[in-house]
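Reviewing the structure listed below.
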Amino acid sequence: MPELPEVETTKRGLAPHLEGRRVKLCEIRQHSLRWPVDADFADKIQGARIQHLDRRAKYLLMQTDKGMAIWHLGMSGSLRIVGGSEPPQKHDHIDWLLDSGQRLRFHDPRRFGALLWITDDIASHELIAHLGPEPLSDDFHGDHLYLASRGRKAPVKSFIMDGRIVVGVGNIYASEALFMAGIRPSTPAGKISRPRYQRLAEAIKTVLASAIEQGGTTLRDFVGGDGKPGYFAQQLNAYGRAGQPCPRCPGTIREQIIGQRNTFFCPRCQR
DNA sequence: CCCGATTCCTGTAGGC
DNA sequence: TGCCTACAGGAATCGG
């Protein structure tokens, strides 16, 4: 499941193959994604030169000289570089044929992903305009969480997964960050103190940064072939470990549904 | 405005 | 062994 670290890993892996290249042809075999891909997308991007790859939240941005392509990997999407004559497999929905002879290939079994084309300012785009700060930037810190949470009754886990508060914290890393910070996921966001939010902000940064590092270890393989994210191999302390001993106290990890999402925590050391 | 519930989709895991 | 169902997950959107 692509969380922020995998999108960042994808961006870093693709950039050397895409930046400076021209899109000779775009093949769309499946238009029905999260939102329908524009009927004229292929025409719009044809002949465009890809200038720069960027990331905002979990959106992968590809700036060209004709407009900007915005990818979202949803929860099962992946982008990789394949050889120019490699035939598409099941769920390989979109190819961009590059002037290098290679193809950029989008694969997405569950079709929660998206591909958009915009020609106006990205910052004013509806999907981007209301997003919170990047978790790894200096704009994101404990005070931001503290101030934004006053008066909020939603569980802190839902709060940190709200992209208007901070982007890029998915279900897995929300549990992990709250575990690291020793905060119970069900606590109403408005009841958490300033110092505890400082710990939480640090935990979010630490967890995401280490996941990006882990993704980075498979960067070489990524381009070569299987596109499998490496960070799943990383040690998860709470997520998916219901019934197992807590890694840092004598407690036992418990599972609870919060905001319609599975949530894992230690009832003994997360208060 | 705030927050919980619902929705899109299909591979995988678990139950019988 | 094979069928069937439940579940997973990001995030927009709906309903209260």
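The values are calculated or read from the model by the stated rules, or taken from the named source; none is laboratory data. Everything quoted here is computed from the prediction, not taken from an experiment. All Cβ positions, glycine included, derive from the backbone under ideal geometry; neighbour counts span all protein chains shown.
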Conditions first: (1) more than 22 Å from A:Gly168 (Cβ to Cβ); (2) more than 13 Å from DNA strand B (Cβ to nearest atom). A:Leu53 passes all but one, so which condition is the exception? (1)
All but one of (1) more than 16 Å from DNA strand B (Cβ to nearest atom); (2) closer than 26 Å to A:Leu208 by Cα; (3) in contact with a Phe, Trp or Tyr (Cβ under 8 Å, 6 or more places away or on another chain) hold for A:Phe41; state the number of the condition that does not hold. (2)
Checked against (1) outside any loop (DSSP other than H, G, I, E, B); (2) under 26 Å from A:Met161 (Cβ atoms); (3) within 14 Å of DNA strand B (Cβ to nearest atom), A:Leu116 satisfies every condition except (3)
Looking only at the range A:1-23, which residues are within 24 Å of A:Asn171 (Cβ to Cβ) and more than 16 Å from DNA strand B (Cβ to nearest atom)? A:Glu3, A:Leu4, A:Pro5, A:Glu6, A:Val7, A:Glu8, A:Thr9, A:Thr10, A:Lys11, A:Arg12, A:Gly13
Pick out the one residue from A:Gly77, A:Gly132 that is crowded, with 16+ Cβ neighbours inside 10 Å and touching a Phe, Trp or Tyr at 6+ places or on another chain (Cβ under 7 Å). A:Gly77
Looking at the range A:70-84, which of its residues are within 16 Å of DNA strand C (Cβ to nearest atom) and touching a strand residue (DSSP E or B) at 6+ places or on another chain (Cβ under 6 Å)? A:Ile70, A:Trp71, A:His72, A:Ser78, A:Leu79
Top-ranked residue of the range A:33-71 - restricted to ones that are touching a Lys or Arg at 6+ places or on another chain (Cβ under 8 Å) and under 22 Å from A:Asp139 (Cβ atoms), ranked as surrounded by the fewest Cβ atoms within 10 Å (Cβ to Cβ): A:Asp54
I need the full set of residues from the range A:182-215 which are within 16 Å of A:Gly142 (Cα to Cα), of a type in the set (Lys, Arg) and either in contact with a Pro (Cβ under 9 Å, 6 or more places away or on another chain) or surrounded by fewer than 15 Cβ atoms within 10 Å (Cβ to Cβ) (or both), in order please. A:Lys191, A:Arg194, A:Lys205
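Give me a count of the residues in the range A:157-181 that are more than 16 Å from the chain's Cα centre (by Cα), away from DNA strand B (no atom under 14 Å from the Cβ) and either within 11 Å of A:Ile204 (Cβ to Cβ) or surrounded by fewer than 22 Cβ atoms within 10 Å (Cβ to Cβ) (or both).
So the answer is 3.
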So for the range A:69-83 (the condition being of a type in the set (A, V, I, L, M), touching a Gly at 6+ places or on another chain (Cβ under 9 Å) and within 16 Å of DNA strand B (Cβ to nearest atom)), does at least one residue qualify? yes
Can you report the number of residues in the range A:28-55 which are modelled with pLDDT under 95, among the charged types (D, E, K, R) and assigned to a strand (DSSP E or B)? 2
